[in-house]
1. Just a yes or no: is a residue in segment 30-37 part of a helix (DSSP H, G or I), of a type in the set (Val, Ile, Thr) and open to solvent by 10 Å² or more (accessible area, probe 1.4 Å)?
2. If Arg261 satisfies all but one of (1) in contact (Cβ under 8 Å) with a residue 40 or more places away in the chain; (2) open to solvent by 10 Å² or more (accessible area, probe 1.4 Å), what's the number of the condition it fails?
3. From the list Phe224, Phe235, which residue is surrounded by 15 or more Cβ atoms within 10 Å (Cβ to Cβ) and closer than 23 Å to Ile277 by Cα?
4. If you scan segment 414-443, which residues turn out to be free of Cβ contacts under 8 Å to residues at least 24 places away in the same chain and either of a type in the set (Lys, Arg) or assigned to a loop (DSSP other than H, G, I, E, B) (or both)?
5. With among the hydrophobic types (A, V, I, L, M, F, W, C) and buried (at least 17 other Cβ atoms within 10 Å of the Cβ) as the only criterion, which of Leu172, Leu163 stands out?
6. Of the numbered conditions (1) in contact with an Asp or Glu (Cβ under 6 Å, 6 or more places away or on another chain); (2) at pLDDT 90 or above; (3) within 30 Å of Leu327 (Cβ to Cβ), Leu157 satisfies every one except a single condition; which is it?
7. When you go through (1) surrounded by fewer than 21 Cβ atoms within 10 Å (Cβ to Cβ); (2) in contact (Cβ under 8 Å) with a residue 60 or more places away in the chain one by one for Leu340, which number turns out not to apply?
8. When the residues of segment 46-65 are narrowed to those that are under 16 Å from Ala2 (Cα atoms) and assigned to a loop (DSSP other than H, G, I, E, B), which ends up least open to solvent (accessible area, probe 1.4 Å)?
Amino acid sequence: MAKILLIEDDVAFCKLLEKFLIKKTFEVTTAFSAAEAKTNIQSTEFDLIITDLRLPDYDGITLMSEIKTTHPNVPILLMTGYADVSTAVKAIKNGAADYISKPFNPEEVLLVINNALQIVKDEELINTVSTVKSEKKKVKINPNKFLKGISKASLKLAEYIQLVSPTNMSVLIIGESGTGKEVIAKNIHENSSRKNTNFIAVDCGSIPKELAASEFFGHIKGSFTGAIQDKIGFFEAANGGTIFLDEIGNLSYENQIQLLRALQERKIKPVGSNKEIEVDIRIITATNEDLREAVKKGDFREDLYHRINEFSIHSPSLVEREEDLMLFSDFFLEKSNLELNKNIIGFSSEVMAIFQNYKWPGNLRELQNCIKRATLLSQGDFIEKAVLPLEFFLNEEKKTTAFSLSDNEKEIILEALHRSNNNKTEAAKLLKINRKTLYNKLKLYGIT
């Protein structure tokens with residue numbers, strides 16, 4: 001099985017090509033920058049390297065020359081847009097094995113890769129996407145793992161998790177609904193000295209205030225109507241480990257007092273019992289509310305707020321993690337493939353454009369649900385536009401219409417290309433559109 005290093009800063013295109021190559025039984029490692037690629041090359045022996053001609057932090061040809069210095073026998077393929085084909089041809093004279101044209105052409109990719117690896121299998125070159133499912137290499141993933149992104153917001157989040165995890169500080173996670181606050185809490189626990197003990201997650205919004213004391217601290221048989229047997233509460237169950245209280249702002253004022261007392265004294269008393277139980281727990285809480293405002297209004301105790309907020313972490317929305325969208329999409333697709341016993345390769349270019357233009361009010365939860373549903377409905381190898389809910393089409397149409405109504409759109413694009421020295425990634429950023437949309441516009445206006 002040939003090992004391929006794929007270097008491409010366009011996450012969507014990179015993940016799509018990765019999926020295709022894995023399905024063709026190649027072993028693929030991805031890098032989104034030259035720096036990341038160099039690290040991978042130092043630690044792993046690759047049979048083939050595929051790199052984009054234009055990278056945000058490096059020139060592809062320069063990178064190729066540097067790799068050739070240390071790994072002269074590893075063939076290198078360049079990926080390039082049609083406008084840069086002449087440059088790619090020149091690169092071949094300087095050591096590149098060949099080049100692959102964008103947009104993605106499956107037959108061309110297989111042909112070029114097989115030629116570069118000197119693999120002659122004519123019958124495989126004719127096939128594009130269809131393969132025998134049983135021979136496909138499945139990507140093994142941990143459905144509950146913490147996925148690190150590449151956006152600034154994700155890098156800051158990962159930095160804070162790494163910083164606070166080894167401590168026993170109480171952590172307050174603040175963020176919109178659906179941003180994965182419990183996943184963050186669990187990752188903190190798994191990177192702490194308590195990782196081999198219990199992690200107990202509690203949804204405070206689902207507990208009636210009359211039963212909160214029993215749920216938190218337990219009760220003894222006969223302590224109230226319905227208490228037909230002894231019960232261990234969440235705090236005792238989490239003893240020695242971590243307790244995660246989600247949506248803590250939903251607790252009643254009385255329950256807040258009970259919780260504060262337990263946190264201060266590190267002792268709990270089951271309902272109906274005179275016996276105190278010492279507990280050693282780390283507390284992590286989460287909310288989508290502004291607790292400081294709730295404190296000002298008198299809805300949340302200030303002393304409890306300071307007790308749970310020794311360190312706060314912002315859980316970014318999906319809009320704040322725009323660069324991570326296709327990483328999460330790919331992760332959720334693999335998870336859905338696993339759960340539904342499917343083998344979907346990736347997303348069509350149309351679907352990727354719709355995803356990138358959508359606002360995702362439900363954040364990661366909405367993205368995961370959308371992809372799982374689409375995976376179930378998909379009959380082919382790629383998730384197509386037809387299996388998406390109606391709101392995605394409406395959103396896409398609004399955005400497309402708004403952009404195309406500009407009277408001088410072509411001139412604006414040309415100006416952006418001029419300012420970025422024809423770097424399409426930078427031009428797309430100036431225009432505040434994704435790179436795929438820019439390519440479509442270039443084709444529409446015949447800009448070469």
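1. Applying the first criterion (part of a helix (DSSP H, G or I)) to segment 30-37 yields 34-37.
Within this subset, residues satisfying the condition of being of a type in the set (Val, Ile, Thr) are none.
Checked segment 30-37: no residue is part of a helix (DSSP H, G or I), of a type in the set (Val, Ile, Thr) and open to solvent by 10 Å² or more (accessible area, probe 1.4 Å).
2. Single failed check for Arg261: (1).
3. Details: Phe224 fails: surrounded by 15 or more Cβ atoms within 10 Å (Cβ to Cβ).
Exactly one of Phe224, Phe235 is surrounded by 15 or more Cβ atoms within 10 Å (Cβ to Cβ) and closer than 23 Å to Ile277 by Cα, namely Phe235.
4. Arg419, Ser420, Asn421, Lys429, Lys432, Lys443 - these are the residues of segment 414-443 that are free of Cβ contacts under 8 Å to residues at least 24 places away in the same chain and either of a type in the set (Lys, Arg) or assigned to a loop (DSSP other than H, G, I, E, B) (or both).
5. On the way: Leu163 fails: buried (at least 17 other Cβ atoms within 10 Å of the Cβ).
Result: Leu172 is the single residue among Leu172, Leu163 that is among the hydrophobic types (A, V, I, L, M, F, W, C) and buried (at least 17 other Cβ atoms within 10 Å of the Cβ).
6. (1)
7. (2)
8. This residue is Phe46.
The values are calculated or read from the model by the stated rules, or taken from the named source; none is laboratory data. Keep in mind that this is a model prediction, so the values were computed, not measured. No Cβ is skipped: glycine too gets one built from the backbone with ideal geometry, and neighbour counts run over all protein chains shown. In case anyone asks, the SASA skips ligands and DNA or RNA and just uses the protein heavy atoms, side chains included. Shrake-Rupley method; radii C 1.70, N 1.55, O 1.52, S 1.80 Å.
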